[in-house]
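Read-outs: derived from the displayed coordinates by stated rules, not from any lab. Keep in mind that what you see is a predicted model, and the values were worked out from it rather than measured. Reconstructed Cβ throughout: ideal geometry from the backbone, glycine too, with neighbour counts over all protein chains shown.
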Amino acid sequence: MLSTTPPLPLVQARITQACVESTILFDCQARTWQVSETKKLQQFMDKTYRYIWSRKNQPPLMEMQQKGVNMQDVRNELGVKSVRIRIEKRCLERIGHIMRMEDTRMVKIVTLGWMEELESVPKMLGKKRKTRMYWKKLLREGGIDITRIGKITSNRREWKKIVRERMKHLDQW
């Protein structure tokens, strides 16, 4: 009888992705991420995935060099996604969730900068409404019309379909 369980490295990679990444990315949908932060997270996760992928008889980087494999090949073999793709997916899901809320909900008011009491507070230099700017950038990169975001996200199934298509595009790219 053949075993239907996947090989051990695949299981280890999925456990790592489920536990470690979900812990690291706990707040990724609620705050903006700098490129340097994403890069450091990706470096940490890649180091972990390299170790899981390797045969452990020599350093993983040397093994990768000998086999002519790059990090994307390792991620594909283990069946895991990059940190950037996972962050973007969670952010797009959060955008849809907040945009479907009633206009009177405090979360929507604060996130979109509609709170008048905050306008009188002096802003610190360099501090802007980064969440909105970050969301606009994500939507622009995804080819989603920012002016129609309320209408687009109102249909949950359609929004999930758009997010899925964006993730498929990023994965192929």
Checklist line | Nearest-20 debye value, the chain charge dipole, Cβ charges on Lys, Arg, Asp, Glu | finding: 180
Next item on the list: Per DSSP H run of n ≥ 4, the term is -39500 (n - 2.57); total these for the chain, divide by its residue number, and report the mean residue ellipticity at 222 nm rounded to 500 deg cm²/dmol.
Entry: -18500 deg cm²/dmol
Note to self: Taking 35 Å as R0, compute the FRET efficiency from the Cβ-Cβ separation of Ile146 and Val11 and round it to 0.05.
What the structure shows: 0.30
Note to self: I want to check the label-to-label distance for Glu37 and Glu102. Put each point 7 Å from Cα in the C-beta direction and report it in nm to one decimal.
What the structure shows: 3.2
Next item on the list: Subtracting the Cα-Cα distance from 0.36 nm times the residue separation, let me have the gained length for Ile85 to Met133 in nm, one decimal.
Entry: 15.4 nm
Item checked: FRET efficiency, Ser22 to Ile109 (Cβ-Cβ, R0 30 Å, nearest 0.05) -> 0.60
Next item on the list: Based on the mean of other Cβ atoms within 10 Å per residue, sort peptides 59-70, 133-144 so the most packed one is first.
Entry: 133-144, 59-70
Next item on the list: Report the calculated FRET efficiency for Phe44 and Lys160 (r = Cβ-Cβ distance, R0 = 35 Å), to the nearest 0.05.
Entry: 0.75
Notebook entry, point to check: When the Kirkwood hydrodynamic radius is evaluated over all pairs of different C-alpha atoms of the chain, what value in angstrom, to one decimal, is obtained?
Noted result: 18.7
